[in-house]
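K.L.:
Have a look at this one.
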Amino acid sequence: MKKIVLVFLAFISVNAFAQKLYSDSAYKKITPHVKLSDAIIDTGNVEKLILKKKKLTSIPNEIFKMTELEYLDLSKNKIDSIPREIANLKNLRVLILSKNKIKKIPIELYTLKKLKVLDISSNDISKLPRGIKALSTLEELNLWNTSIDNLPYDIDEVKTLKVIDMRGILLNFEMQEELLELLPKVKLYLSPPCNCTF
């Protein structure tokens, strides 16, 4: 009975985490643009843009002209790459690219100095490039259900980092121990360790 209760409590805490990890509490009062055509007309005033489930295969070039953007959600599309022009979005604080077909993260992403939340979960990404310490305000990193089993060596230099979600990634006990030792102040969400060698 105790085990059932513990499992239930763990399930509740994970669900609560999932709900609040990428909460946009700072942006709740900002009405998002949900149509690209409306956002294009209003370029210069677009702080929050949500284009979920729009069957996009690439990030529209028009978005890179919206340099005032602080919150960009392009999840649940078919985007296969992140262009270098992502560096234009200097004011971006929240970037959500989950559930796409992205395979590579460009180094230009690390020029987004104000970025606090980066969600690249459920993409076919196997590694992050070196230089992540440049994201000096990053607080939340979601790598859930990717193939990233090794974090960049300089990630411990991102002193603002609070949470990393690495659930759904195959990591053995030793690999998990290494991560926990490397990032003692970061809340790491991990699946149970696998009985595997790499």
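A short reminder: the numbers here are calculations on the coordinates, not readings from a lab. This one's a predicted model, so the numbers in the text were calculated from it and none came from an experiment. Note that we place each Cβ from the backbone using ideal geometry, even for glycine, and neighbour counts take in every protein chain shown.
K.L.:
Specify the angular offset, from 0 to 90 degrees and rounded to the nearest 10, of the alpha carbon long axis of helix 2-21 from the longest principal axis of the alpha carbons in the chain.
P.N.:
Tilt of helix 2-21: around 20 degrees.
K.L.:
Out of Ile132, Ile30, Leu109, whose Cα points farthest toward the positive end of the dipole of the stretch 2-190 (charges: +1 Lys, Arg; -1 Asp, Glu; placed on Cβ)?
P.N.:
The one lying farthest along the dipole's positive direction is Ile30.
K.L.:
Would you mind calculating the gained length between Cys194 and Arg130 on full extension (0.36 nm times residue separation, minus the Cα-Cα distance), in nm to one decimal?
P.N.:
Going from the current span to full extension adds 20.4 nm.
K.L.:
Any idea what angle helix 173-182 forms with the longest principal axis of the chain, computed on alpha-carbon atoms, 0 to 90 degrees, nearest 10?
P.N.:
60 degrees
K.L.:
If we sort 117-123, 177-183 on the protection proxy, mean other Cβ atoms within 10 Å, highest first, what's the order?
P.N.:
Packing order, densest peptide first, comes out as 117-123, 177-183.
K.L.:
How much FRET efficiency would the formula 1/(1 + (r/R0)^6) give for Asn150 and Lys90, where r is the Cβ-Cβ distance and R0 is 35 Å, rounded to 0.05?
P.N.:
That gives a FRET efficiency of 0.75.
K.L.:
Under the rule a/c < 1.5 gives rounded, and otherwise a/b versus b/c splits prolate from oblate, where does the stretch 71-198 land using the Cα gyration tensor?
P.N.:
Oblate.
K.L.:
Say each of Thr137 and Thr43 gets a label point 7 Å from the Cα, pointing the same way as Cα to Cβ; how far apart are those two points in nm?
P.N.:
2.4 nm
K.L.:
Step through the table entries Lys48/Lys162; Lys53/Lys99; Lys54/Lys78, compare each Cα-Cα distance with 19 Å, and write down the pairs that go over it.
P.N.:
With Cα atoms farther than 19 Å apart: Lys48/Lys162.
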